[in-house]
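Taking it in order: structure first as structure tokens, then the write-up.
The values are calculated or read from the model by the stated rules, or taken from the named source; none is laboratory data. Model, not experiment: these values are computed from the prediction. All Cβ positions, even for glycine, are placed from backbone atoms using ideal geometry, and neighbour counts span all protein chains on display. The accessibility values were calculated without ligands, DNA or RNA, using every heavy atom of the protein model including side chains. Shrake-Rupley method; radii C 1.70, N 1.55, O 1.52, S 1.80 Å.
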Amino acid sequence: MKKLLQLFQFLFLYISFQGECQTTLQSQKIVDGKFIKSWLLLGPIPLQLQTDLDKSFEHLPGFNFDYLSKFGGEKNLKIKTGDIVKLDKGSVTWKYYEAGDSIVNLVDAVSKSYPVFAYTYAEVEAVEDGIQMIGLGSNDGCRLFVNGVPVFDYPAARGIKIDGDLIPVLLKKGKNSLLLKIEQHGNKWGFCLRFHSFSAREALDKGDLFKVWADEKGVANIVSSYSPEVLNELVQRIEVSISDSHGVDILQEERTADFCNPLKMPSVIYQPYKANFKVYLKSGTILQRKIEFTAGKRIEYNLFSNGISDYRISLPQSASESEVFAAKELQHWLKEIGGTELPVVSFDVDYKDHQIVVGNVQSETAGSEVDAVREESFHYYNNGPNIYITGGKVRGTMYGVFEFLERELGCRWYSPTVSVTPKRNEFKFVWFDRAEKPGIRVRNDFYFEAFDPIWATRNKMNGAMGYRQQPGGVESYWSVHTFYPLMPPEEFYKKHPEYYSLIDGKRIFERAQLCLTNPDVLRIMTERIRKRMRESPEYLIYDVSQNDWYNPCQCDKCQAIVKAKGGESGLIIWFVNQVAEAVEKDFPDKFIGTLAYQYTRTPPKNISPRHNVVVRLCSIECCFAHDFKSCPENQSFLQDLKGWSAIAPHMYIWDYVVNFGHYVMPYPNFRVLQSNIQSFRDNHAIGIMEQAAYQSRGGEFSELRAYLISKLLWNPECNTDDVINDFMYGYYGRAGKFIRQYFDLLHNRLTPDTHIHLGLTPGDAIFSDEFVQQSCDLFKEGIKVADNEDVVRRIEMCSLPVLYLKCKRTPAMARQDGTYADFCRIAKRENVTHYSEAGEVDVRAFHNTVEKSR
């Protein structure tokens, strides 16, 4: 028993001795990612609650006082366990604390009271001089000193987040001190701290190492999250170049010290800039990063307020018709938006008050005159309160006005009958500076809805199959499949059958072509195209192309050219080149166009189109469920596109975005539009025609597709999802949510193995009765929340393709449950005259099928 009692006494003394040893703070080795757990703690030290709301993001009153002056102060601290710090009331003692996990819980270790703060102190061992990254998380505000130097300060309440702050610090080899002051605003209270290896590359990429920031006066400064000591240890020199919003270089600087100071930029207006940093580290590493920032004095201008404006719209004396039209459009839509009608007046160089200048004026304040008369690019910007919209006189300035109204003021022209304009009580601006040019030179949106000249102008569509009157004019393409229109068989065949195709030993004209090696054919075609060019000078391109069927001439002379030039397309180009050469002298600014279509789609060999020939490549055989690049079925077309691009100085694409056999039926091809247009652009197409439902309203999603195509032809890089969503909610209002769900339901039926072509049928596997029912349910939900009767009509028009599909798939059921009656009612009200390209014959067949089905 005595021995057992002695053993207990020994164990008690051993444990007591061990506990006493742990009360002495030991220097801890820095291990990457390992938390510092051994600390000396001092607290709680009382603070006051903040009563001034303007100071809510400052430390609590009393926090900034240095309570450690007796021990060298916060910046030169010398302490040990048991040292006592006297307060106004009472005292606190430094005590040792060993955290059980990553977080030091100060509520348990120090106090549950608040508002208070505590000091925490630790010592760490670094194996060498250098920079380390401290990962700190705190609840609440804190201030950190490393070797007596304040390196971080956060003043407000917050929760703990591990590595919430990453703080670069310069450590010396051996022992280094850490002193943390941390506030308690209430609730939880604590912190965690550990070290990480420092990466200058990550610091630069995050923007912590260097960035550019403008002060209250708009002066741009190089700033850093890191202390001067850290920067001087790390960086040898920096090179920085600054460019404005148009990419023009305005400054280059090199610094080897005092890295963080104002940039010596010239007098700048308020706008975004780009800084290109090149950082040379003392280690020999070179780092680069581009940074965007805004600088310049920010001044706010008021275009209108409460229906009042002190602006006017100024036009130069030499304003073109389109610029006059644009000024009136600007006047109209600003009145719609803000309720104030700005006067349209002639530009006066001496006028000193506020104005919007539409067109190019000879004035230093308005910028230089645009030289290219037909240039479609534009630039709008402000110089102080004055706004300038400049560009090409034919269409550029006009397009600048519409872009200004759309981008800056929110105007939308979704269809010829639906324009959406926000109503605003006030419009203030600081900075405008936008310049654009078209992605495609000739943009032909071949929808019935898109033929409206005012809608086309507002959406920057400048192309037309035939000529039409339109503000700024159009780049029109005269006709297509012109062999017989120019040389009608009824005029020539009886006397000259040799002008037409030799097929299987016989000259025929029914569904045939011309004999292009016959010199009389060349003479007549040249004379007649020249006559057309004289009589119709409004066109840009005049067509000489094959008929819309096969049967090219098989005579020996034609086939010899075919063989020599590498295909039937070689014969066509050989012939058209001669026509183009013959008319060039009289029409130097015009083009002769021809088709690369069906049997002439593959580019020739040993011959190239002349510089005044436009090749019109057609994608009629393609799959439109997938883009040209990704679909195996489209690889031959993509190869032909690249082949023509390599030899043709000008290509004008004839693309297809509709099901010709069923205009009024779902056709999920939206996801290929952008990629395909980009492929055309990348292969140097000067023009694109997107052929669609062109004979009447009623094409599936025709308003949306026409609108999206207009955006893509102007800017092939636009965000199509943003455009679609904008249309959905702008055109359908609150119901846009359900129309978008239907849109996604339809397009999500496509798989990599799903291929759709221009002849997609109602019985295709892509459709199902379940899809039809789900679609109808979504349209019903949309109608429930429709904003007004106009939106109800738009939703019903959008539902027409699904009603048509149901009528075609289950005609008897569609007649019995009212689907057919709804289809007929909507189609009649909306004047849908064509269910397909065939027109009346297919309309009659559709109704006969449904009405007679049992």
Add +1 for every Lys or Arg and -1 for every Asp or Glu among the other residues with Cβ under 11 Å from the Cβ of T810, and state the total.
+2
With only alpha-carbon atoms counted, please give the Rg and Dmax of segment 252-338, in Å.
22.8, 64
Would you mind checking the tilt of helix 321-338 against the longest principal axis of the Cα atoms of the chain, expressed as 0 to 90 degrees and rounded to 10?
50 degrees
How many Å³ per residue does the convex hull of the Cα positions in segment 589-674 occupy?
119 Å³
Place a label point 7 angstrom from the Cα of Q773 along the Cα-to-Cβ direction, then list the residues of segment 812-830 whose backbone nitrogen is under 15 Å away.
813-814, 817
Once you have a ≥ b ≥ c as the square roots of the Cα gyration tensor eigenvalues for segment 774-824, tell me rounded if a/c is under 1.5, and otherwise prolate or oblate according to whether a/b is larger than b/c.
prolate
Taking a ≥ b ≥ c as the square roots of the eigenvalues of the Cα gyration tensor of segment 124-168, is the shape rounded (a/c under 1.5), prolate (a/b larger than b/c) or oblate?
prolate
Give K563/K605; K585/K605; K37/K95 a once-over and call out the pairs whose C-alpha atoms are over 19 Å from each other.
K585/K605
I'd like the carbon and sulfur percentage of the solvent accessible area for the chain, probe radius 1.4 Å, heavy atoms only, ligands and nucleic acids excluded.
50 percent
For segment 241-370, accessible area per residue (1.4 Å probe, heavy atoms of protein chains only), Å²:
54 Å²
Unit Cα scatterers, Debye sum, segment 436-478: log10 I(q)/I(0) for q = 0.34 Å⁻¹
-1.43
With θ taken as phi - 60° and the coefficients 6.51, -1.76 and 1.60, list the Karplus ³J(HN,Hα) couplings across segment 778-788 in order, rounded to whole Hz; mark glycine and proline as x.
5, 5, 4, 5, x, 5, 4, 9, 4, 5, 6
Listed pairs K328/K437; K629/K711; K80/K282; K806/K828 exceeding 29 Å between Cα atoms
K80/K282
Tell me, in nm to one decimal, what length is gained between K737 and S419 on full extension, where the rule is 0.36 nm per residue of separation less the Cα-Cα distance?
112.5 nm
Note the full-extension length gain between V31 and F65 as 0.36 nm times their separation in residues minus their Cα-Cα distance, in nm to one decimal.
8.9 nm
Let me check I've understood the local charge: for I524, count other residues with C-beta under 13 angstrom from its C-beta, Lys and Arg +1, Asp and Glu -1. What total comes out?
+2
Inter-part distance where segment 500-535 and segment 722-751 are each reduced to a Cα centre, Å
49 Å
Exactly which GluC sites (Glu not before Pro) in segment 660-747 are in a DSSP loop and have at most 15 other Cβ atoms within 10 Å?
E717
Only helical DSSP H runs with n ≥ 4 go in: add -39500 (n - 2.57) per run for the chain, normalise by residue count and round the 222 nm mean residue ellipticity to 500 deg cm²/dmol.
-9000 deg cm²/dmol
For Cα extents along the principal axes in Å, with candidates [x] 106, 91, 57; [y] 151, 73, 49; [z] 137, 79, 62, the value calculated from the shown model is option [z]
Among all the lysines, which ones have a C-alpha under 30 Å from K217's C-alpha, if same-chain residues fewer than 8 places away are not counted?
K55, K206, K264, K274, K278, K290, K297, K352, K428
Separation of segment 181-230 and segment 412-431 by C-alpha centroid, Å?
42 Å
Kindly work out what percent of the DSSP beta bridges joining two residues of the chain are antiparallel, to the nearest 5.
75 percent
Approximate spin-label separation S91-K278, in nm, with each point projected 7 Å along Cα-to-Cβ:
6.3 nm
How charged is the neighbourhood of I313? Take every other residue with its Cβ under 12 Å from the Cβ of I313, and add Lys/Arg as +1 and Asp/Glu as -1.
0
Subtract the Cα-Cα distance of K335 and K495 from 0.36 nm times their separation in residues, and report this length gain in nm to one decimal.
50.9 nm
Calculated FRET value between D83 and D721, using beta carbons and R₀ = 56 Å, to 0.05
0.30
Separation in nanometres of the label points that stand 7 Å from Cα toward Cβ, at E781 and E840
4.3 nm
With θ set to phi - 60° and the Karplus curve 6.51 cos²θ - 1.76 cosθ + 1.60, what are the ³J(HN,Hα) couplings of segment 514-519 in order, to the nearest whole Hz, using x for Gly and Pro?
9, 8, 6, 8, 6, x
Rounded FRET efficiency, nearest 0.05, which uses the C-beta distance separating E216 from R255 and R0 of 30 Å:
0.80
Here the FRET efficiency for K75 versus Q48, based on Cβ atoms and R0 = 22 Å and rounded to 0.05, is 0.35
Residue by residue through segment 35-41, which ³J(HN,Hα) values in whole Hz follow from phi under the Karplus form 6.51 cos²θ - 1.76 cosθ + 1.60 (θ = phi - 60°), with glycine and proline marked x?
6, 7, 10, 9, 9, 9, 10
